[in-house]
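Novice: Structure incoming, see below.
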Amino acid sequence: MSAESTPDPAIPGPGESGTTGPARRAKGRRRRPRAKRRRALLVAAWSAAGIVVLGGTGAGVLYFKLNGNLSSVDIDQALGADRPEKADNGSENILVLGSDTRSGGNRKLGGGTDDGTARSDTAMIVHVHEGHKKADVVSIPRDTLVDRPDCADTDGREHPAAENVMFNSAYSTGGAACAVKTVESISGLRMDHYLEVDFSGFQNLIDDLGGVRITTTEAIKDPDSHLDLQAGTHRLDGEQALGLVRTRHGVGDGSDLGRIQLQQAFVKALADQVKDIGLLGNPKKLYDIADTATRTVTTDSGLGSVNSLMSFASGLRDIGPGNMRMVTMPVIYDPADANRVLVEKTKAEQVWTALKNDRPIPESATEGTATGEARGVVNSAP
């Protein structure tokens, strides 16, 4: 059985499991996850989609007062010059992360203990092609075992390299800068921008947008994410949408790879709906979305003002679900640990080579790799 990500085990220490060293015997089929902690799978692209709406209105001058809402980090200063070269073909790469911090309002939504740490439970590389008319999106499974490079966080603290650790440990170790450096090390791609969102902000943004309409082909019920949907068409409010992008036990094979499939379907449904939301005649709704979106996202310093963020977002307004391809980084199950996945390096290289050359990702890059069992469960509502 193949799947597009794996359960939610605790983050392993260096050398606990990975691509090197003696393999432990995998016992049977991939285990269903037992952990009851709710995990937030948060995609900053969903918040960025709200900002894209604003960017297309021509009303950006009204929102300079929202600059104070924005948080930004200086990725370039933290990482220095030892990075992949910027592309010279007109394309851009944006790393979109969702963090599962349990602080503040997120503790109530996400459950678990506020231990002062956070992990990137969602990661997407958004490659915007030259001309900004289409995009490829590559999801990186959180439990992929990788070699994390040494990195410095934005406070200047140095963190040594580590082998065979879960991908999302990069963020919990060194924050945004370490996550960016790890992605650049895996892919060889320069990340031109960085966007991060927390899940309380995501919930509020969906509510401000008036909900998102989806159709489910089967019932989805997951007490852990407070989600109970019958097969059919639904308008999800913020809490339900958050439950959908977090759920893993309520549909498919219970894997994180399956959850990625649900996330990708939801992003497309959201993108499909955003273009149809009438905001020009509703200044209050427009302001509410601007206020929520700017409070929700953390950006790199290059997008750290309302003016630059909206200029960037308005340049993406022509990218809709019809010209947005979403894939998962090619992975296989770790034969030593059925709860982890490994990069399928040959096929992953096809993905990175295509993006470096600003070309579409070939179908062959994802054929025969691990995949979840939730594809087609969620679709845009007619």
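The numbers here are math on the coordinates, done by the rules we state, and not lab data. What you are looking at is a predicted structure, and each value in this text was computed from that prediction instead of being measured. Cβ coordinates were reconstructed from backbone atoms using ideal geometry, including for glycine residues, and neighbour counts include every protein chain displayed.
Novice: What pairs from Lys134/Lys345; Lys86/Lys345; Lys221/Lys268; Lys285/Lys356; Lys268/Lys356 go past 29 Å between their alpha carbons?
Specialist: Values: Lys134/Lys345 26 Å; Lys86/Lys345 23 Å; Lys221/Lys268 22 Å; Lys285/Lys356 39 Å; Lys268/Lys356 24 Å.
Where the Cα-Cα span goes over 29 Å, the pairs concerned are Lys285/Lys356.
Novice: Quote to one decimal, in nm, the extra length available between Lys221 and Arg325 on full extension: 0.36 nm per residue of separation minus the C-alpha distance between them.
Specialist: 34.6 nm
Novice: I would also like to ask the following. Ranked from highest to lowest mean number of other Cβ atoms within 10 Å per residue, what is the order of the peptides 254-262, 323-331, 164-172?
Specialist: 254-262, 164-172, 323-331
Novice: Highest first, please rank the peptides 233-245, 208-220, 133-145 by the mean number of other Cβ atoms sitting within 10 Å of their residues.
Specialist: Peptide ranking by packing, descending: 133-145, 233-245, 208-220.
Novice: Compute the relative contact order of the range 226-367 as a whole-number percentage, counting only Cα pairs closer than 8 Å that sit 6 or more residues apart in sequence. Don't skip to the end; give the middle numbers.
Specialist: Values: 81 pairs, mean separation 18.2, N = 142.
After rounding, I find 13 percent.
Novice: Indicate the gyration tensor shape class of the range 327-382 (rounded, prolate or oblate), computed on the Cα atoms with a ≥ b ≥ c the square roots of the eigenvalues: a/c under 1.5 is rounded; otherwise a/b larger than b/c is prolate and the rest oblate.
Specialist: oblate
Novice: Here is a follow-up. Taking a ≥ b ≥ c as the square roots of the Cα gyration tensor eigenvalues, with a/c under 1.5 meaning rounded and otherwise prolate when a/b beats b/c, else oblate, which class fits the range 241-378?
Specialist: Values: a/c = 2.16, a/b = 1.61, b/c = 1.34.
Cα axes put the range 241-378 in the prolate bin.
Novice: Can you tell me how much longer the chain between Asp88 and Glu158 gets when fully stretched, taken as 0.36 nm per residue apart minus their C-alpha distance, in nm with one decimal?
Specialist: 22.1 nm
Novice: Report the FRET efficiency, 1/(1 + (r/R0)^6), for Asp150 and Arg359, where r is their Cβ-Cβ distance and R0 is 35 Å, rounded to 0.05.
Specialist: Details: r = 32 Å, r/R0 = 0.91.
Calculated transfer efficiency: 0.65.
Novice: A further question follows. In whole Hz, what ³J(HN,Hα) sequence does the range 258-264 give by Karplus (6.51, -1.76, 1.60; θ = phi - 60°), x for Gly and Pro?
Specialist: So the Karplus estimates, Gly and Pro as x, are x, 5, 4, 4, 5, 4, 4 Hz.
Novice: Extension gain Ile332-Glu349, at 0.36 nm per residue separation less the Cα-Cα distance, in nm? Working shown, then result.
Specialist: Values: separation 17, 0.36 × 17 = 6.12 nm, distance 1.42 nm.
Here the segment from Ile332 to Glu349 would lengthen by 4.7 nm.
Novice: For a Förster distance of 25 Å, can you work out the FRET efficiency between the beta-carbons of Asn379 and Glu239, rounded to the nearest 0.05?
Specialist: About 0.75, to the nearest 0.05.
Novice: Convert each backbone phi in the range 144-156 into a coupling constant with the Karplus relation 6.51 cos²θ - 1.76 cosθ + 1.60 (shift: θ = phi - 60°), then list the ³J(HN,Hα) values in order as whole Hz, x for Gly and Pro.
Specialist: 6, 7, 9, 9, 7, x, 5, 7, 10, 7, 6, 8, x
Novice: Quickly work out the Asp291-to-Ser311 label distance, labels modelled 7 Å from Cα along the C-beta direction, and quote it in nm with one decimal.
Specialist: Placing both labels 7 Å beyond Cα along the Cβ direction yields 2.7 nm.
Novice: Can you work out the Karplus-derived ³J(HN,Hα) for every residue in the range 369-382? Use 6.51 cos²θ - 1.76 cosθ + 1.60 with θ = phi - 60°, whole Hz, and x for glycine or proline.
Specialist: With coefficients 6.51, -1.76 and 1.60, one gets 9, 5, 8, x, 10, 10, 5, x, 6, 10, 9, 4, 6, x Hz.
Novice: Please list, in chain and number order, the residues 5+ apart from Val331 or on another chain whose amide H is under 5 Å from its amide H, with Hs placed from the backbone.
Specialist: The answer is Glu344, Ala370.
Novice: To continue, here is another question. Give the cross-link partners of Lys284 among the aspartates and glutamates, using a straight C-alpha distance below 17 Å as the criterion and excluding same-chain residues fewer than 8 apart.
Specialist: Asp207, Asp208
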